[in-house]
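The values are calculated or read from the model by the stated rules, or taken from the named source; none is laboratory data. Being a predicted model, the structure only gives us computed values, none of them experimental. Counting neighbours? That spans all protein chains shown, and the Cβs are built from the backbone with ideal geometry, glycine included.
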Amino acid sequence: MTDVTRNWEEFNSTEVSAKIPFFTKDGRLYDCLFAQQFDRALLDRLFTLANKLRATAQTKEGADFLLSLLSHKRAMLYFVQPSTRTFLSFQNACHLLGLKTSEIRDTNTSSEIKGESPEDSVRTFSSYVDLIIMRHPVPGFVEKTAWVMNRAKRPVPVISGGSGKDQHPTQALLDVYTLDSQLEGGVDGKTIVMVGDLKRGRTVRSLSYLMKNYKRVKLYFVSPPQLRMEKDILTFLSKHTIPYRETDDLGSVMREADAIYMTRIQDEHDVAGESRKVDYSKFQFRAEHLAVIKKTCIIMHPLPRREEIEVEVDEDDRAVYWRQERNGMWVRAALIAHLFSVEDEILGRK
Amino acid sequence: MTDVTRNWEEFNSTEVSAKIPFFTKDGRLYDCLFAQQFDRALLDRLFTLANKLRATAQTKEGADFLLSLLSHKRAMLYFVQPSTRTFLSFQNACHLLGLKTSEIRDTNTSSEIKGESPEDSVRTFSSYVDLIIMRHPVPGFVEKTAWVMNRAKRPVPVISGGSGKDQHPTQALLDVYTLDSQLEGGVDGKTIVMVGDLKRGRTVRSLSYLMKNYKRVKLYFVSPPQLRMEKDILTFLSKHTIPYRETDDLGSVMREADAIYMTRIQDEHDVAGESRKVDYSKFQFRAEHLAVIKKTCIIMHPLPRREEIEVEVDEDDRAVYWRQERNGMWVRAALIAHLFSVEDEILGRK
Amino acid sequence: MTDVTRNWEEFNSTEVSAKIPFFTKDGRLYDCLFAQQFDRALLDRLFTLANKLRATAQTKEGADFLLSLLSHKRAMLYFVQPSTRTFLSFQNACHLLGLKTSEIRDTNTSSEIKGESPEDSVRTFSSYVDLIIMRHPVPGFVEKTAWVMNRAKRPVPVISGGSGKDQHPTQALLDVYTLDSQLEGGVDGKTIVMVGDLKRGRTVRSLSYLMKNYKRVKLYFVSPPQLRMEKDILTFLSKHTIPYRETDDLGSVMREADAIYMTRIQDEHDVAGESRKVDYSKFQFRAEHLAVIKKTCIIMHPLPRREEIEVEVDEDDRAVYWRQERNGMWVRAALIAHLFSVEDEILGRK
């Protein structure tokens, strides 16, 4: 039997589910790389923790307590792909827990000019810190970093802040956390409507996957015909007996929704300007819709938005996308607290 | 009556004096946007606070006490216009009081590429922090941000670090603070000589405005004929019966000065190289002048300087421009302490 | 007699040994600019301190103690020459001791556009901080900054993070620290083999110089004929009766080595692509060599590496280059602790 921990190519070619144990230590995440690492128990644990963090930070005493927890740790934010919002969210999550941060936001360093391998660069930069938070445009690069750092004499945990086109596990986490904390009774039994460019939207894909952790959830996929949810997700949902329906008529399903998840058109992925042919006006949430949806229905958006939600909607209490943004910070702080095993100190505080 | 808090265009078209209450809460500044927000009582308060901050920071115990005051707060420095000195001054003011900082110094982020409105970007970035310090090249942008953030479900105070060509309230603050703290008996009754490009110098304009808060001040404006102080300021001074005199002969007024405020020629505002025709050598402070001015006369400069002050002058005790620079940090820290209502804790410390 | 403290050109033209007292105060370094400032007593002191820092930081209590030492200080990292690794090493060294950091990594600031002299810029930026750590491409610029700041009304110590082509004192420090801490019994009496581009490698030159502080050291210089160690170093070694031998045959000396210091070819200094003619394969450390060298022989490299050390070697316990990298942080923290006179508090902690 090949030892997958010895050879990256071998390791990389195995299925995600088989990789997960390698990124786990002593019953907790060691690295956070895939949304598939989150099961129901872990989600519940992280959300409880995020709630407690948020409550604790309300007072100066509480905030200072949080600052003391990881004051002895240092994190490196290695963000060579521009992403101000994810960067700031992580950086402030670190600051909340007292971690000092340093950052790399540009690969155009003397080392690379001098011919150093990317693996050596990361390993060098890791020398000074206790945690790496990494966003990288090359698919698999963050995972490889975690694999390398896991095998180093001085291992350092790695959290993905987005790797290539597919994996952005903490975005999925904050979306589910927002559903869980904003919906009365949590996610179980709720009807969630996802709207927009479902074909190319990373967030709606991850969110759909994570629904397997919840009971009796019903999904509506509202999109232009050209931008329907991909088959792999639909197959996955069928396999897990999660009911879904596809439509291009937002009005027809809006009334039923407990949560409406709006997304923008992802035209940066266009090959030949195909988005321009899409009439996206039907996939917009307008102020007039506020009178139609349930009083308890929340409106989400991963941001940035363009025209998908009218600015007037922002003032309605059901518009939770700004809170969702801020939730990213709380749930990322919860994740970091989990990795460093300070959960009990937080949860145990009176 | 139109509710000016509801519509930005309406709000924006009102006079500054009418806007001020909107940026004030519970009798203190909530946002700091205009030099007009500073009255004598507030100036005195902030300067007393700045003095106490400076004295307190002298000892390790004092400095650690200051660090504890706002350790639970986080600030975002949103500086999309390059300004290293103002940036560093604010950042270190934050660090003095224990605030953690994150920064945006480049607007070329993925969000804007993705078509997000500037208001949405700012609001997103504000999600993670308790204070926004912003410098922006577009006139009115900082004010609009404060207006938006004031109306948000989670309001966040905004301090201007310079907005467009006209407003840079904390620069005015540090200039008056330097006068107040370096002149025996404060600003009342003093003779202040402003020298150089008075037409286009933002600092001398603001400083002149703020003189209305002081009694029996006399101003001399020394400039080339082409670069005289603008009429609006002269009218303002007359209206407030502040005596002033214009001249192009520095030597003739130097002896009388309690403070000489030197400025460089602002040729970046030239339309057709008109500065090149100006003989600026007459508007220079040279080492030989040190023997002429009063023993108590201070020499100020907002920096950066070119040739307006000979380097030899730096060693004279009356040259206070480096201290003036450092005063920016103290008075900005005082302002932040004021916004967050920790004045009494600072002033009350033995 | 000319007062060298009064005129930079005069000062600059004196010998390094004559300059050293100017950068020393009360029997300790005030500025760190030259490897020549390190004598044996100081090296031993800094290494003892670095060891204690490393041990103390192992526990949360220890790390929090270190954080408290310089919490009241602020450092500016002025790195206008790209150098991510040195930057991060210093930044995290600061963070270890509780110093807050601000940074300048780009000279393209508004001030310089506005015609400010580099000396004024540095002095301005120094206004806000208690320590300047500077890397600059212009030879002598860091030294001049220290000279200017030493004479200012508010002096601020300066540490060089690399100045021009020759001086990089903390790199030399970390190399010797690694030898000292990894070799049983320290550096005295050891055989050190330096391999590669010895002609243009700044680190091997400095390391050779510093060997004068140790007893009975023997050096082997292994290089291509075109890239032999320069005469000035060989003369220096002869003068201090440090035995050395030059060869181009790594295999012939490998067995004897207590430390092998590998370096890459410095082709960025090529004038006409002369490196391309060099067969560098003979100056590579390969996995097969691990069986040949002593069981206690350490393998060092200043990094970044290219092909000089096979990646397979990394897993051997004698490969200490990653530890060497991390040692940079510890020894820089020790240096900062020394400058700020908190050594006794660290060494005295139980």
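Here's the yes/no breakdown for (1) of a type in the set (Asp, Glu); (2) in contact with a Lys or Arg (Cβ under 9 Å, 6 or more places away or on another chain); (3) more than 14 Å from every other protein chain (Cβ to nearest Cβ); (4) without any contact (Cβ under 8 Å) to a residue 24 or more places away in the chain:
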| residue | (1), (2), (3), (4) |
| --- | --- |
| A:Thr145 | no, yes, yes, no |
| A:Pro169 | no, no, yes, no |
| A:Val187 | no, yes, yes, no |
| A:Val193 | no, no, yes, no |
| A:Leu198 | no, yes, yes, no |
| A:Gly201 | no, yes, no, no |
| A:Leu210 | no, no, yes, no |
| A:Phe221 | no, yes, yes, no |
(message) Please verify whether A:Asp175 is within 14 Å of chain C (Cβ to nearest Cβ), part of a helix (DSSP H, G or I) and either surrounded by 17 or more Cβ atoms within 10 Å (Cβ to Cβ) or β-branched (Val, Ile, Thr) (or both), treating the condition exactly as stated.
(response) no
(message) So for the stretch C:5-20 (the condition being in contact (Cβ under 8 Å) with a residue 60 or more places away in the chain, under 16 Å from the mean Cα position of the chain (by Cα) and assigned by TED's automatic domain parsing to the domain that holds C:Leu97), does at least one residue qualify?
(response) no
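What do you reckon, is B:Leu49 crowded, with 19+ Cβ neighbours inside 10 Å, under 25 Å from B:Ile132 (Cβ atoms) and touching a Leu at 6+ places or on another chain (Cβ under 7 Å)?
Yes; evaluated as a whole, the condition is true for this residue.
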(message) Can you list residue pairs whose Cβ atoms sit under 6 Å apart, with the first residue in the stretch C:243-272 being over 16 Å from C:Lys294 (Cα atoms) and more than 14 Å from chain A (Cβ to nearest Cβ) and the second being part of a strand (DSSP E or B) and modelled with pLDDT of 95 or more? Count only pairs 6 or more apart in sequence or on different chains.
(response) C:Pro243/C:Lys218; C:Tyr244/C:Leu219; C:Arg245/C:Tyr220; C:Glu246/C:Phe221; C:Thr247/C:Val222
(request) Considering each of A:Leu88, A:Leu66 in turn, give the residue that is free of Cβ contacts under 8 Å to residues at least 12 places away in the same chain, surrounded by 17 or more Cβ atoms within 10 Å (Cβ to Cβ), part of a helix (DSSP H, G or I) and within 11 Å of another protein chain (Cβ to nearest Cβ). (result) A:Leu88
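So which strands (runs of 3 or more DSSP E) stay within the stretch C:228-329 end to end and still have 1 or more residues that are on the phi < 0 side of the Ramachandran plot and hydrophobic (A, V, I, L, M, F, W, C)?
Numbers: elements: C:244-247, C:259-262, C:298-300.
The strands (runs of 3 or more DSSP E) meeting that bar are C:259-262, C:298-300.
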(message) Just to be sure I understand, how many residues within the stretch B:43-57 are touching a residue at least 60 places away in the same chain (Cβ under 8 Å) and touching a His at 6+ places or on another chain (Cβ under 8 Å)?
(response) 3
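Applying the selection to the stretch C:27-36, what residues are modelled with pLDDT of 90 or more and over 23 Å from C:Ser208 (Cα atoms)?
Within the stretch C:27-36, C:Arg28, C:Tyr30 meet the criteria.
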(message) Condition first: charged (D, E, K, R) and touching a His at 6+ places or on another chain (Cβ under 7 Å). Now tell me which residues in the stretch B:208-255 satisfy that.
(response) B:Lys212
(request) Out of C:Val311, C:Val278, C:Val331, report the one residue that is touching a residue at least 12 places away in the same chain (Cβ under 8 Å) and within 14 Å of another protein chain (Cβ to nearest Cβ). (result) C:Val331
(request) Output the residue which, of all residues in the stretch A:69-85 that are outside any strand (DSSP E or B) and within 14 Å of chain C (Cβ to nearest Cβ), is nearest to A:His136 (Cα to Cα). (result) A:Val80
(request) Quick one: B:Phe236 ticks every box in (1) touching a residue at least 40 places away in the same chain (Cβ under 8 Å); (2) more than 30 Å from B:Gly62 (Cβ to Cβ) except a single one, so which number is it? (result) (1)
(message) One residue is enough: does the stretch B:218-231 have a residue meeting the conditions surrounded by 18 or more Cβ atoms within 10 Å (Cβ to Cβ) and more than 24 Å from the chain's Cα centre (by Cα)?
(response) yes
(message) For a quick check of your reading of the model, give me the residue pairs whose first member lies in the stretch A:288-300 and is assigned by TED's automatic domain parsing to the domain that holds A:Ser252 and within 13 Å of A:Glu256 (Cβ to Cβ), whose second is assigned to a loop (DSSP other than H, G, I, E, B) and hydrophobic (A, V, I, L, M, F, W, C), with beta-carbon atoms closer than 8 Å and at least 6 apart or on different chains.
(response) A:Ile293/A:Ala257; A:Lys294/A:Ala257; A:Thr296/A:Leu183; A:Cys297/A:Ala257
